[in-house]
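What follows is calculated from the coordinates using simple rules that are stated; it is not laboratory data. Bear in mind that the values here come from a model prediction, so they are computed numbers and not experimental data.
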Amino acid sequence: MEIKDRIRMIMEREKVPPRVFAETIGVQQSTLSHILNDRNKPSLEVVMKVHQTYSYVNIEWLLYGKGEMLASAESASLVSSNGDYQPSLFDENPVNSTKETIGLENRKEIALRGTENVAKEVVKQEIRYIEKPVRKITEIRIFFDDNTYETFRPEK
């Protein structure tokens with residue numbers, strides 16, 4: 001079983017189409033499509049985004065297919081008998097962690113400090129036109145397909 005098949009299993013478990021899955025893990029839909037259609041192998045960044053978004057997935061299973069899909073016995077207890085993931089009411093939402101989104105929103109709003117407008121040095125360009133002597137044709141050669149050629153020289 002390849003990594004694309006394991007990613008597909010996570011999508012089936014979550015009951016989400018590829019478009020929603022790509023959006024949830026934060027990758028382009030085309031990136032996921034290329035992975036699922038075996039055009040490209042997933043990068044480590046994509047694998048880590050899947051693991052961070054669906055933290056109940058065993059990273060060794062996702063990368064190498066070793067072990068069980070669920071990360072631990074604790075995660076296994078969160079799975080109901082029908083196979084759906086059932087988080088505790090007291091757990092943070094593992095899919096949409098509020099800490100990450102707050103940090104990213106605040107990050108965008110922080111102004112850069114210590115940057116001052118530094119005057120840039122003006123670069124002046126100088127264009128020189130160099131007069132070259134008029135060129136004259138001294139010889140013209142025409143090559144033929146029978147490996148012969150003729151040379152023509154202008155009259156002086």
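In this structure the amide hydrogen of Leu70, modeled in the peptide plane, comes within under 5 Å of the amide hydrogens of Asn58, none closer than 5 places in sequence on its chain. Reported to the nearest whole Å, the Cα centre-to-centre distance from region 139-156 to region 32-55 is 64.
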